[in-house]
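This report refers to the structure that appears directly beneath it.
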Amino acid sequence: MSETTRDGAVGVTPPPSLDDRLTPAELAAKYGLSVSGARPSLSEYVSQLWERRHFILAFSRAKLTAQYSQAKLGQVWQVVTPLLNAAVYFFIFGLIMGGRKGIPGGEDNYIPFLVTGVFVFTFTQTSVLNGVRAISGNLGLVRALHFPRASLPISISLQQLQQLLYSMIVLVIILLGFKQFPGWSWLLIVPTLACQFVFNTGMALIMARLGSKTPDLAQLMPFITRTWLYASGVMFSIDYMLKERNAPNWLIDTLMSNPASVYMDLMRFSLIDGYTGAHLPPHVWMLAVGWAVVVGIGGFVFFWKSEERYGRG
């Protein structure tokens, strides 16, 4: 088609294209285009994470090394910090408030009981607290590179697992000092830590998504985890203390079944002589596996559903 302009020139108007009638979605489908940064399928997402397993491990090691790089004692603080916490809890709860009463195996087991609880709970606590900042604290990396964002909270859980393994060396020395020698029950450490690691990873994934949209959550979480610490029997026997105060059975069962308490009880059962199965909540292994599966898988799916929105806005 053509038309004559005022100065006599002839202009050509192109004929209407069939694409003019298509929506953006139909145009993308017609020419094989895809949305940049779109969320992949769940199976594809898992495959991408596996392909980047070396990056996840290297990132967790780098974070662990850099954590205390400015301190003169360096990596020693990985062990000193929970030990100092245990010393404070021993003074306040063990000596002043009588928290040594009702400890399975007798009051002589209180220090192994306490140190084990502090190390195990710290593993979960730091995974949750650091998970809140997994996305919001790495926005430069998230916006600059394309990779599955779940790599960040997973690397945080791996970092805390490595830190716990260093602490376990000191824990074994303490146990030997209190005549708690290795036995067959020590083999239960492996499945216990495996379940707790999966649970912690799920919690880190959940907190990473929530923290990416609500940065103020990082200021609130220390208060929540501190309450969780007191409700999990880190410094005293929940069963003994609550029964002494005539607490209802449902409250005792609820607190003893919370995941932090379950994993601490299993670790104490594995390491401490006299901590028999009678001091564990009913169906303790079902609880340990159940918490790991529900929170681990649920947290992963919850995080994946918001994959394309991380680092935007």
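The values are calculated or read from the model by the stated rules, or taken from the named source; none is laboratory data. Everything quoted here is computed from the prediction, not taken from an experiment. A quick note on method: Cβ atoms are made from the backbone with ideal geometry, for glycine too, and the neighbour counts reach across all protein chains shown. Please note that ligands, DNA and RNA were not included when accessible areas were found on the heavy atoms of the full protein model with its side chains. Shrake-Rupley method; radii C 1.70, N 1.55, O 1.52, S 1.80 Å.
Checking 137, 117 one by one, the residue that is of a type outside the set (Phe, Trp, Tyr) and out of contact with any helix residue (DSSP H, G or I) (no Cβ under 6 Å at 6 or more places or on another chain) is 137 and no other. Selection of first residues in the range 164-177 that are part of a helix (DSSP H, G or I) and of second residues that are of a type in the set (Ser, Thr, Tyr) and surrounded by fewer than 19 Cβ atoms within 10 Å (Cβ to Cβ), restricted to Cβ pairs under 6 Å at least 6 apart or on distinct chains, gives an empty result. Of the numbered criteria (1) under 28 Å from residue 191 (Cβ atoms); (2) open to solvent by less than 20 Å² (accessible area, probe 1.4 Å), the one residue 258 fails is (2).
Yes/no matrix, rows are residues, columns are (1) farther than 30 Å from residue 141 by Cβ; (2) in contact with a strand residue (DSSP E or B) (Cβ under 9 Å, 6 or more places away or on another chain); (3) open to solvent by 60 Å² or more (accessible area, probe 1.4 Å); (4) modelled with pLDDT of 80 or more:
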position: 26; (1), (2), (3), (4): yes, no, yes, no
position: 34; (1), (2), (3), (4): no, no, yes, no
position: 45; (1), (2), (3), (4): no, no, no, yes
position: 52; (1), (2), (3), (4): no, no, yes, yes
position: 74; (1), (2), (3), (4): no, no, no, no
position: 78; (1), (2), (3), (4): no, no, no, no
position: 95; (1), (2), (3), (4): yes, no, yes, no
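Within the range 261-280, being open to solvent by 10 Å² or more (accessible area, probe 1.4 Å) and outside any helix (DSSP H, G or I) holds for 273, 274, 275, 276, 280. Look at (1) in a helix (DSSP H, G or I); (2) out of contact with any Leu (no Cβ under 7 Å at 6 or more places or on another chain); (3) surrounded by fewer than 20 Cβ atoms within 10 Å (Cβ to Cβ) and you find that residue 251 fails only one, number (2). Would you mind stating whether residue 170 is aliphatic (A, V, I, L, M) and either open to solvent by 10 Å² or more (accessible area, probe 1.4 Å) or more than 19 Å from residue 62 (Cβ to Cβ) (or both)? Answer is yes for this residue. Screening the range 175-185 for residues that are surrounded by 12 or more Cβ atoms within 10 Å (Cβ to Cβ) and at pLDDT below 85 and picking the one that is farthest from residue 307 (Cα to Cα) gives 178.
Selection of first residues in the range 194-216 that are closer than 9 Å to residue 303 by Cα and touching a residue at least 12 places away in the same chain (Cβ under 8 Å) and of second residues that are assigned to a helix (DSSP H, G or I) and open to solvent by 50 Å² or more (accessible area, probe 1.4 Å), restricted to Cβ pairs under 6 Å at least 6 apart or on distinct chains, gives the following pairs, ordered by first then second residue: 206/302. The set of residues in the range 228-248 being open to solvent by less than 50 Å² (accessible area, probe 1.4 Å) and free of Cβ contacts under 8 Å to residues at least 40 places away in the same chain consists of 231, 238, 242, 247. Among the residues making up the range 134-167, a single one is farther than 18 Å from residue 205 by Cβ, open to solvent by less than 40 Å² (accessible area, probe 1.4 Å) and hydroxyl-bearing (Ser, Thr, Tyr): 167.
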